[in-house]
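The values are calculated or read from the model by the stated rules, or taken from the named source; none is laboratory data. These numbers come from a predicted model, not from an experiment. Backbone-built Cβ (ideal geometry, glycine too); neighbour counts: all protein chains shown. Heavy atoms of the whole protein, side chains included, go into the accessibility calculation; ligands, DNA and RNA do not. Shrake-Rupley method; radii C 1.70, N 1.55, O 1.52, S 1.80 Å.
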Amino acid sequence: MINLNRAVLRDKIHACWVGKNIGGTMGTPYEGKRELLDISGFATKPKEVLPNDDLDLQLIWLYALENCGAFNVNASTLGEHWISFIVPHWNEYGIGKANMKRGLPPPMSGDYDNDWQHSNGAWIRSEIWATVCPAMPHVAAKYAMEDAMVDHGSGEGTFAAAFVAAMQSAAFAVSDLKQCIEIGLAAIPEDSRMAQSIKFVLECYEKGMVWSDARNAVQKLNADIGDGWFEAPSNVTYAVIGLLWGEGDFKKSMITAINCGDDTDCTGATVGATMGILWGTERVPKDWSEYIGDEIVTVSIAKGNNGKNIPKTCTELTERVVKLAPTVVGAHSIRHSSWMYSGEQLPGYSVEFGDTTDTNGVYDQLLALAKKAGAVAKSLKPYTIYAENVMMYANLTLDRAPEIQAGGEIGVHLAIQSKQFFEDEPRTVQLRWLLPDGFTVEGKRTLMTKAFNPHTSGKGSADFVIRAGETVEAENRMVLEIFVNGRCTPLYIYFPLYS
């Protein structure tokens, strides 16, 4: 257990949002410029806050947490909030929403026919997960992956979100920047382009390379990925360049990141938010915070009846997050709670809020927890659907894109994991497919989950081959019913196949 001082926590959260607003406003005028820049401060007028989707989307995620609860916020619920409240159809935003509207559930919505899987849309909206999960990088990374998979699937954009969220969550308890970066790296696969890019720039820093040369080397390293200035591995790394070469100075850090070019509003905003969490309002320059003010200006949210529920200032946003954080942390501090999707058992770990701070030895703990998130990130597979009910988690993976032609076939793998309180005995599970006319399926109709074995307890799996008949529609709806004998709550998994 670690202790976080409530007053310090509130100060860090407020500094996070103020820093986010400063960086977004300062960086927005230069967004998309690929050359090295030479800015020295704001290009805007005093009290002029530029709207930024980096912050907008997080206001909707706050709304989702407040209304759905900590354990009900996942890729599916966030996907529904996307469709209801997020206006833009830019790049991956548009692809994710279009796929969901045609019937593909998250995270398949982020994997199918998506040229933007490695782009910037997810890591830029990570602070909400870090601030409601302070000093819990494994949980912050979990939420960030749930969020990112809606429009990035199993791409580098999802790993980027997990890295930033874990790094920022750790910063509430670990004041050493490099250690926070190491914790962020532990939350993503070692062989991902995201991890390779961060490790590369750390080596550049250790060698004493000047920041501009490091930036050019990173841009060259990732020249083959994504869409130029909008890919995640380089842009997250530019934010890290700002943090490292800025040497703890807020202004120097932010200006360095923005001067790297590319997605400058995102890199500046992430640097500002991260430094705010690390060191609080004391490190946020007063002349800059007064220059920009406290207002939040939105551009990406469909207000409607929900408009009254969106924070209008950084102060209001801070108060709502401070109120929510103990609830979210408490929900995830239950000893031996199961890790969604994998059934992985986490060690007992809790965060308490009070009048004192005690974070002794926390780095090693946070690093170990972040590695749990990294294992889950590494297990992500394209064209997978995750589902759950009160008794079990399930994931269903197609062996290729959800497409089928007349007479064609597609492979399906199902894995289930009983939740902790339902894995104490073997259970017979019935599997029933509901298919369109002419479709057939080959595979098991029952399976047994085993108990009292640390390696197999509560787990079961089955493989299927779905075959189309002579006629297929443009959209063909598949439903798998999973029913546990002796229980009254079936689990249904739905997905479409397109011709």
What is the one condition in (1) open to solvent by less than 10 Å² (accessible area, probe 1.4 Å); (2) within 23 Å of the chain's Cα centre (by Cα) that S253 does not satisfy? (2)
Selection over segment 350-392 where residues are among the β-branched types (V, I, T) and assigned to a helix (DSSP H, G or I) yields a count of 2
Within segment 73-94, tally of residues that are β-branched (V, I, T) and within 17 Å of the chain's Cα centre (by Cα): 3
Starting from segment 220-241, take each residue that is of a type in the set (S, T, N, Q) and list its partners that are open to solvent by 30 Å² or more (accessible area, probe 1.4 Å) and not in a helix (DSSP H, G or I), counting only C-beta distances under 7 angstrom and pairs at least six apart or across chains. none
Odd one out for L62 among (1) hydrophobic (A, V, I, L, M, F, W, C); (2) surrounded by fewer than 24 Cβ atoms within 10 Å (Cβ to Cβ); (3) under 22 Å from A394 (Cβ atoms): (3)
Could you grab the pairs with beta carbons closer than 6 Å, sequence gap of 6+ or different chains, first residue in segment 141-160 and in contact (Cβ under 8 Å) with a residue 40 or more places away in the chain and open to solvent by 10 Å² or more (accessible area, probe 1.4 Å), second one aromatic (F, W, Y) and assigned to a helix (DSSP H, G or I)? none
Among residues of segment 191-233, those that are among the polar types (S, T, N, Q) and touching a helix residue (DSSP H, G or I) at 6+ places or on another chain (Cβ under 7 Å), counted: 4
I'd like to know if segment 112-122 contains one or more residues that are in a helix (DSSP H, G or I), open to solvent by less than 10 Å² (accessible area, probe 1.4 Å) and in contact with a helix residue (DSSP H, G or I) (Cβ under 9 Å, 6 or more places away or on another chain). no
Would you mind stating whether G354 is farther than 22 Å from G438 by Cα, without any contact (Cβ under 8 Å) to a residue 24 or more places away in the chain, surrounded by fewer than 15 Cβ atoms within 10 Å (Cβ to Cβ) and not acidic (D, E)? no
Of the conditions (1) surrounded by fewer than 24 Cβ atoms within 10 Å (Cβ to Cβ); (2) at negative phi; (3) at pLDDT 95 or above, C260 satisfies every one except a single condition; which number is it? (1)
Between a first residue in segment 67-87 that is farther than 15 Å from W129 by Cα and touching a residue at least 60 places away in the same chain (Cβ under 8 Å) and a second residue that is in a helix (DSSP H, G or I) and basic (K, R), which pairs have beta carbons less than 7 Å apart while being 6 or more apart in sequence or on different chains? W82/K97
Might you check whether a residue that is more than 22 Å from W90 (Cβ to Cβ), surrounded by fewer than 24 Cβ atoms within 10 Å (Cβ to Cβ) and without any contact (Cβ under 8 Å) to a residue 12 or more places away in the chain occurs anywhere in segment 18-39? no
Of the conditions (1) under 27 Å from A186 (Cα atoms); (2) crowded, with 24+ Cβ neighbours inside 10 Å, the single one that T77 does not satisfy is (2)
If we take segment 146-213, then helices (runs of 4 or more DSSP H) inside it with 1 or more residues that are over 18 Å from the mean Cα position of the chain (by Cα) are 177-186, 193-206
Considering every residue within segment 422-434, establish whether at least one is hydroxyl-bearing (S, T, Y), surrounded by fewer than 18 Cβ atoms within 10 Å (Cβ to Cβ) and modelled with pLDDT under 95. yes
For segment 168-188, indicate whether the set of residues that are open to solvent by 10 Å² or more (accessible area, probe 1.4 Å), at pLDDT below 95 and touching a strand residue (DSSP E or B) at 6+ places or on another chain (Cβ under 9 Å) is non-empty. no
So which helices (runs of 4 or more DSSP H) are wholly in segment 245-319 and hold at least 2 residues that are in contact with a Cys (Cβ under 9 Å, 6 or more places away or on another chain) and more than 18 Å from N235 (Cα to Cα)? 264-279
Please go through segment 323-349 and give me each residue that is assigned to a loop (DSSP other than H, G, I, E, B) and either modelled with pLDDT of 85 or more or in contact with a Cys (Cβ under 8 Å, 6 or more places away or on another chain) (or both), ordered by number. H332
